[in-house]
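Novice: Please find one structure pasted underneath; my questions will follow.
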Amino acid sequence: MRAFLLALSVLALSAAAYAQRPGSDEVVIPHADGRSGLCEPFDCSTRIQQVFDASTFPSMIRIDALDLFNDFQQSAEGFVEPAHYQFFLSTTPASSTTVTADMDGNVGPNNRLVAEFTVADFNLFFTGALRIPLTAPFVHNPRHGNLLLEIRKDHTANFGDGTIYVDGTTNAVGVTLVTDQFGVQPSLGMSVGFVGQFLGPFDR
């Protein structure tokens, strides 16, 4: 029960005005095309992976939080699907051109659960960005491989219209989305904000 209440409080903090550290950096990959809203992760699929090629990052980055963005054209009145959400990050040799439907095989050796929360009812709605603080920073060095974001849900109802669709693009360079519902989808991607601190050269 304590863990459940903690998860709800973390989500409430992120859905409100989560304070970004002074001097912190953010890179959004890929940039939204203004026309595409994706049902992942707040409507469809229960296992979602998105690989970001090393070349999409300007340098090493310490990731403190993740941002997902509400696509208003697709879901102006939407809600976040009630479910238990888990977020994982890992460095993987799989790239946007080599990632496969073998989702276990895509996961990197340093895979780590970085955030989780439970949405218990239908009253969570956000405008702009939903900021998801990590339980501890994750450092990504593009020299060591590509970045894999994985989101798992304990169930989905596939509501269709009504849930929040997140900003994304159908022309994502260096990004591929993989889900247990739709398989490998090259050049399709949710726009994800990586919030933290750039650490300088890749080999630092």
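We did not get these values from a lab; they are worked out from the coordinates using the rules stated. Only a predicted model underlies this, so the values are computations on that prediction, with no experimental measurement involved. FYI the Cβ positions are ideal-geometry reconstructions off the backbone, even for glycines, and counts take in every protein chain you see.
Novice: Sum up the charges of everything whose Cβ sits under 13 Å from the Cβ of PHE194, counting Lys and Arg as +1 and Asp and Glu as -1, but leave PHE194 out.
Specialist: Net charge in that neighbourhood comes out at -2.
Novice: Can you check what the net charge comes to around ARG35, using other residues whose Cβ is under 14 Å from the Cβ of ARG35 (Lys, Arg +1; Asp, Glu -1)?
Specialist: -3
Novice: Taking the Cα centre of the range 2-198 as the origin, how large is its charge dipole in debye, to the nearest 20, when only Lys and Arg (+1) and Asp and Glu (-1) carry charge on their Cβ atoms?
Specialist: The dipole of the range 2-198 has a size of about 580 debye.
Novice: Once both labels are modelled 7 Å past Cα along the beta-carbon direction, what's the ASN111-SER187 spacing in nm?
Specialist: According to this spin-label approximation, the distance is 2.9 nm.
Novice: So, counting K/R as plus one and D/E as minus one, what does the shell of residues with Cβ under 9 Å around HIS84 add up to?
Specialist: Computed value for this residue: 0.
Novice: In addition: Per 0.36 nm of contour for each residue apart, how much would the distance between THR170 and VAL28 grow if the chain were fully extended, relative to their Cα-Cα spacing?
Specialist: Here the segment from THR170 to VAL28 would lengthen by 49.6 nm.
Novice: So, one more: Please check which bits of the range 92-123 a label hung off SER55 would reach, taking the label as a point 7 Å along Cα-to-C-beta and the cut-off as backbone N under 20 Å.
Specialist: The answer is 92-100, whose backbone nitrogens lie closer than 20 Å to the label point.
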